[in-house]
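Student: Shown below is the structure under consideration.
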Amino acid sequence: MKNIRYIFLTLILIPALPGFSQNKTTTNLKDAYRFESNHAQIFTAYAGQADKEGLPKVATFFRAVAKTASVHADNFQKVISQAGITVTSSVPAVNLQTSQLNVEEALKDIRIQSGITYAAYLDQAKNDNETNATKALRWAKETEQKSLQDFIDVDDAIVRAKTGSLPAFYWVCPKCGNLYNVAVPENECSFCYTEREKFVKVQ
């Protein structure tokens, strides 16, 4: 009877052990990595479509957000590798449409990922006391939420046939993926404090 009681109590307590929740965080990070690495490729394809439509500034925007996605993917991969786990990227299926529809599809994906998915992943990582995972997820969540307005502006410019008013180039922080659409960004990244001199110019 004592053995049965011990087994019963063990089964109750097992889900509370750190290893189980950490495995969930690792799974979340792997999903986040796939999302970002896939979208880096998808946005690059969208840039090619914009070039074909004679929308060079829309193409530049897509190349910039492809860079931010690559930064986020790299950050997730680094955290995952620290756990001794290898994750590889795949080639996503890209459904190319008009640039306007591509922007709207991208906006929908980023809004859900940054607003709902990453919020849940962040809660899990915080509960697991996974500091590096929390930082990588927070950077991805907050920088992508900041970029939502850029997607909206690009969509509006396409609809109004005013794409010439869009920025000719963008700056991307190589550490957190923060996107800047100004000619001269601030001296350091507002998210991770990386010096402006290290920003990547996309044009």
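Student: Being among the acidic types (Asp, Glu) and surrounded by 20 or more Cβ atoms within 10 Å (Cβ to Cβ): is that true of GLU130 here?
Tutor: yes
Student: Please enumerate the residues belonging to segment 142-173 that are in a loop (DSSP other than H, G, I, E, B), in contact with a Phe, Trp or Tyr (Cβ under 7 Å, 6 or more places away or on another chain) and surrounded by fewer than 21 Cβ atoms within 10 Å (Cβ to Cβ). Spell out the reasoning first.
Tutor: Residues of segment 142-173 that are in a loop (DSSP other than H, G, I, E, B), as a first pass: 160-162, 166-169, 173.
Filter once more, keeping what is in contact with a Phe, Trp or Tyr (Cβ under 7 Å, 6 or more places away or on another chain): 166, 173.
Result: LEU166, single match.
Student: Among the listed residues ALA40, ALA106, identify the single one that is in a helix (DSSP H, G or I) and without any contact (Cβ under 8 Å) to a residue 40 or more places away in the chain. Before the answer, list the steps.
Tutor: Working: ALA106 fails: without any contact (Cβ under 8 Å) to a residue 40 or more places away in the chain.
Only one candidate passes the filter, namely ALA40.
Student: Separate question: Residues in segment 25-76 that are under 15 Å from LYS135 (Cβ atoms) and surrounded by fewer than 21 Cβ atoms within 10 Å (Cβ to Cβ): how many?
Tutor: Selection size over segment 25-76: 1.
Student: When you check VAL94 against the structure, is it at pLDDT 95 or above and out of contact with any strand residue (DSSP E or B) (no Cβ under 8 Å at 6 or more places or on another chain), yes or no? Write out each step before concluding.
Tutor: Working: at pLDDT 95 or above: no; out of contact with any strand residue (DSSP E or B) (no Cβ under 8 Å at 6 or more places or on another chain): yes.
Here the answer is no, as VAL94 does not meet what is asked.
Student: Determine whether segment 158-169 contains at least one residue that is more than 13 Å from the chain's Cα centre (by Cα), over 20 Å from GLU53 (Cα atoms) and touching a residue at least 12 places away in the same chain (Cβ under 8 Å). Break it down into steps so the answer makes sense when it comes.
Tutor: Keep residues of segment 158-169 that are more than 13 Å from the chain's Cα centre (by Cα), which gives 158-169.
Filter once more, so that each one left must be over 20 Å from GLU53 (Cα atoms): none.
There is no residue in segment 158-169 that is more than 13 Å from the chain's Cα centre (by Cα), over 20 Å from GLU53 (Cα atoms) and touching a residue at least 12 places away in the same chain (Cβ under 8 Å).
The values are calculated or read from the model by the stated rules, or taken from the named source; none is laboratory data. For clarity, every value in this text was computed on a predicted model and none was experimentally measured. Note that each Cβ is placed from the backbone with ideal geometry, even for glycine, and that neighbours are counted across all protein chains shown.
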